[in-house]
């Protein structure tokens, strides 16, 4: 079936390109005709000048009479008053006569026999007529064409004004290759929800028999790259109904009321082809909470939102059109839009777990040659925190890396390099002094050693002093498994590990560098979360972060400052206490295991990159962890 759809799509595209070529040929022929007129006019106008330029010598009429009397002239060509004299030896020159005099009568008056020379008279009357016609008509024609062009442009602009209110939704073309639910993985719960919705539209009688009502709307909420648009495409491929796709920003226009008009036009089209599905991507562009912005309740965005609310659950029943929306900011949507009766189902998409990543790898690995020893279970564990889009990009980068290395198959090294590139960026060969390389080596060794002696942290996967992105080096310790909870012990060790680079720099070089700026920022962020949101401090289980409150009328209030100055000072003290404790722990570890720090730093200076197994081998064996 897929091959058939592809073939028909190509055939359609072929017709379009053929029509475009024909139109282009017509337009070119018009230009050719106009160009010929212009060229004809120019040749007629400047032809005589060219011929005169070729004959630079001009003589009086008396010379012509003398030459004819002496028998030197072979032919004389007459063009109005111009005489072109050709001698027997082939030389030519130009002369002139009076317009009212005949050359024959002039010769007879001078006693020269006109029959002794061949006289050719060229009739220029038709050429002069055409030159006159063209010189008079061509400016008029060009003026008329110019005003016709302006008139058509003005009329096109007028037509566009009346087309503002028409919907820009794209109707799904069934001739295109179909994406089905089999092509989507890692979001099994969401896929099951949407399969039920599609079955509602396909077999409504089965559900009506039990008194069930078709859902009016489904909203997909989740981080970027988790497969919201892919699920919508799968719905279009599975449903045997009309499918309209549009982005939320396409409703908005410069003119007030255009968005609402496009909503009405879109629903009118969908009702004509019911049952139908309307997919609105990035609905937060028009579905944000009302009466929060500065413009009040009459701006263009709110009018568009109000029209959507009316169409979904207005006075007229709407039972044949299903609305599917997608957003990664579900917390910003208006409560009137997300209540039951409008969007009846809220489907949350999370980052894929271990089994989900395995399934996604299986889908995106199709069509790419991999070595048989590729351990997909290891790759799935390596990609904790990756979205479906990240995994697809990783495998594509692995294929590019293998092709650059003139390989026939993709191996684990290519996949590992691609995973690192997706998260940290490509390698950068920066010129560094020996001191800079040594500082970077000890900095990364400090992270790794503190991690190794922290029982709650995941093991180090790779250490490198090769620059990537904005970082001069990195220490990777990705989670070995999907973690649902964070403990205080682990967060304290995480902060100590981030401070390990600064502690190593002070221990070895008795100096502070700017390389720890990102580490300090990350540790501070963790400490603030622990104090302000997780309740992991002496201040107790209180949330000190900004609060958002939605009243029963749907009006949102954002409380920017929810604590007093005294309490803010107490929060700052608790954050500093946690950071100081983390730094002290890091300093204690690097001092206690100074030999291990030197071993890792020296090895990094030699090899630049250390894998996790080599790192643990240098420190005496596999890390002992507490889970």
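Here each label is just a point 7 Å from Cα along the line to Cβ, and for residue 108 and residue 429 those points are 9.9 nm apart.
Treating each Cα of the stretch 328-410 as one equal point scatterer and applying the Debye formula with no solvent, the log10 of I(q)/I(0) at q = 0.15 Å⁻¹ comes out as -0.65.
Using equal-weight Cα scatterers in the Debye expression, the normalised intensity of the stretch 393-533 in log10 at q = 0.14, 0.22 Å⁻¹ is -0.77, -1.34.
With Kirkwood's inverse mean 1/r over C-alpha pairs for Rh, give me the Rg to Rh ratio of the stretch 427-618, two decimals please.
Values: Rg = 19.4 Å, Rh = 18.2 Å.
Reported Rg/Rh (Cα atoms, Kirkwood Rh): 1.07.
Extension gain residue 145-residue 122, at 0.36 nm per residue separation less the Cα-Cα distance, in nm?
Numbers: separation 23, 0.36 × 23 = 8.28 nm, distance 3.64 nm.
Answer, rounded to one decimal: 4.6 nm.
Give the calculated FRET efficiency between residue 517 and residue 339 to the nearest 0.05, with a Förster radius of 35 Å applied to their Cβ-Cβ distance.
Details: r = 46 Å, r/R0 = 1.30.
Efficiency, rounded to the nearest 0.05: 0.15.
Length available on full extension from residue 115 to residue 205: 0.36 nm per residue minus the Cα-Cα distance, which gives 21.4 nm. Using only alpha carbons, the stretch 55-122 has a radius of gyration to Kirkwood radius ratio (Rg to Rh) of 0.91. Peptides 347-359, 328-340 ranked from most to least packed give 347-359, 328-340, packing being the mean of other C-beta atoms within 10 angstrom over each peptide's residues. Computed packing ranks the peptides 517-530, 583-596 as 583-596, 517-530, most packed first, by mean other Cβ atoms within 10 Å. Dividing the mean sequence gap of close Cα pairs (under 8 Å, 6+ apart) by how many residues the stretch 328-433 holds gives a relative contact order of 25 percent. Taking every Cα-Cα distance in the stretch 313-451 and sorting them into 5 Å bins from zero, the calculated P(r) comes out as 2, 7, 13, 13, 11, 10, 11, 10, 8, 6, 4, 3, 2, 1, 0, 0 percent.
First measure r as the distance between the Cβ atoms of residue 543 and residue 412, then evaluate 1/(1 + (r/R0)^6) with R0 = 45 Å and state the FRET efficiency to the nearest 0.05. Before the final figure, lay out each step's value.
Numbers: r = 44 Å, r/R0 = 0.99.
So the FRET efficiency works out to roughly 0.50.
Could you work out the relative contact order of the stretch 423-527, using alpha carbon pairs under 8 angstrom and six or more residues apart, expressed as a whole percent? Numbers along the way, then the final one.
On the way: 132 pairs, mean separation 30.4, N = 105.
Result for the stretch 423-527 is 29 percent.
Here the calculated FRET efficiency for residue 602 and residue 273, from their Cβ-Cβ distance with R0 = 60 Å, stands at 0.25, rounded to the nearest 0.05.
Please work out how much length the chain gains when fully extended from residue 482 to residue 456, using 0.36 nm per residue of separation minus the C-alpha to C-alpha distance, in nm with one decimal. If you can, show how the numbers build up before the last one.
Working: separation 26, 0.36 × 26 = 9.36 nm, distance 1.44 nm.
Taking 0.36 nm per residue and subtracting the Cα distance, the gain is 7.9 nm.
Packing, as the average of other Cβ atoms within 10 Å across residues, places the peptides 204-215, 467-478, 188-199 in the order 467-478, 188-199, 204-215, highest first. Based on Cα contacts under 8 Å between residues 6+ apart, the stretch 55-122 shows a relative contact order of 38 percent.
The numbers here are math on the coordinates, done by the rules we state, and not lab data. Everything numeric here is computed off the predicted structure, so don't read it as measured data. Virtual Cβ from ideal backbone geometry, glycine too; neighbours counted across all protein chains shown.
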